[in-house]
Amino acid sequence: GLAPRSPPLRPDEFHALLATKRFTNGADAELVANLYTATAREVIGGASMLKFGGLQWGDAELVELCAWLPHCQKLRTLSLVGNRIGDGGIRALAAVVASGGLQQLCDLNIGSNVISDRGGRALLKAIEAGHFPAMTKLETHGNRDLSELMRTRLREALRALDRERAARARVRTSSGNN
């Protein structure tokens, strides 16, 4: 089988890993580290879709990924389906959006993980506070400890967000016609 895929290394982690390697020319280590940092920021930061489904990730891996997410200014779809992510990971994700990250995120799939109402409350609070301004789709299926009441509250919060967006669009349209 395939080895599990880890989250992308942060530049400081990559630098630490390189310090354990031997280069013929010592200057190459710094060049490689700088190239990694530039490439990772460009690729991850410029992505519109990131899929990390079925990787057996838990909270620790999502917390690692959360270090990159503030750089993902174009991210519209994030799929974390089919992992072992729990409330701690979801709270870390909610903290990223609360601090202004992932403003373009439309579609979040956290289905088939181990999220409970505690993680659901963190997402609900972030949605209700307007921290997911572009969100239109939230998949939560397969989280056995996420109650039907919490799923309903999350759906209702997204519907309210849709209504707010529609109202703002009507105001912009009507003020543009005057």
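The values are calculated or read from the model by the stated rules, or taken from the named source; none is laboratory data. Nothing here was measured: the structure is a model prediction, and the numbers come from that model. A quick note on method: Cβ atoms are made from the backbone with ideal geometry, for glycine too, and the neighbour counts reach across all protein chains shown. Areas reflect the complete protein model, heavy atoms only, side chains present, ligands, DNA and RNA absent. Shrake-Rupley method; radii C 1.70, N 1.55, O 1.52, S 1.80 Å.
Of all residues in the range 114-133, those satisfying the criterion of being open to solvent by 10 Å² or more (accessible area, probe 1.4 Å) and under 19 Å from GLY53 (Cα atoms) are VAL114, SER116.
Looking only at the range 134-165, how many residues end up being open to solvent by 40 Å² or more (accessible area, probe 1.4 Å) and in a helix (DSSP H, G or I)? Residues that pass the stated criteria total 11. Here ASN113 meets each of (1) under 14 Å from the mean Cα position of the chain (by Cα); (2) over 29 Å from ALA166 (Cβ atoms); (3) not charged (D, E, K, R) with one exception, condition (1). Note on the range 71-100: residues that are modelled with pLDDT of 95 or more and assigned to a helix (DSSP H, G or I) amount to 12.
A Cβ distance below 9 Å, combined with a sequence gap of six or more or placement on separate chains, defines the contacts here; from the range 138-162, residues that are more than 16 Å from GLY86 (Cα to Cα) reach residues that are open to solvent by 70 Å² or more (accessible area, probe 1.4 Å) and hydroxyl-bearing (Ser, Thr, Tyr) in the pairs LEU158/THR136; LEU161/THR136; ASP162/THR136.
A count restricted to the range 1-18 and to residues that are modelled with pLDDT under 85 and assigned to a loop (DSSP other than H, G, I, E, B) stands at 7.
Per the conditions (1) open to solvent by less than 60 Å² (accessible area, probe 1.4 Å); (2) outside any helix (DSSP H, G or I), the sole criterion not satisfied by ALA29 is (2).
Candidates in the range 40-60 are the residues that are open to solvent by less than 80 Å² (accessible area, probe 1.4 Å) and over 18 Å from LEU80 (Cβ atoms); of these, the one that is modelled with the lowest pLDDT is ALA40. Residues that are part of a loop (DSSP other than H, G, I, E, B), under 19 Å from ALA92 (Cβ atoms), in contact with a Pro (Cβ under 7 Å, 6 or more places away or on another chain) and aromatic (Phe, Trp, Tyr) do not occur anywhere in the range 43-61.
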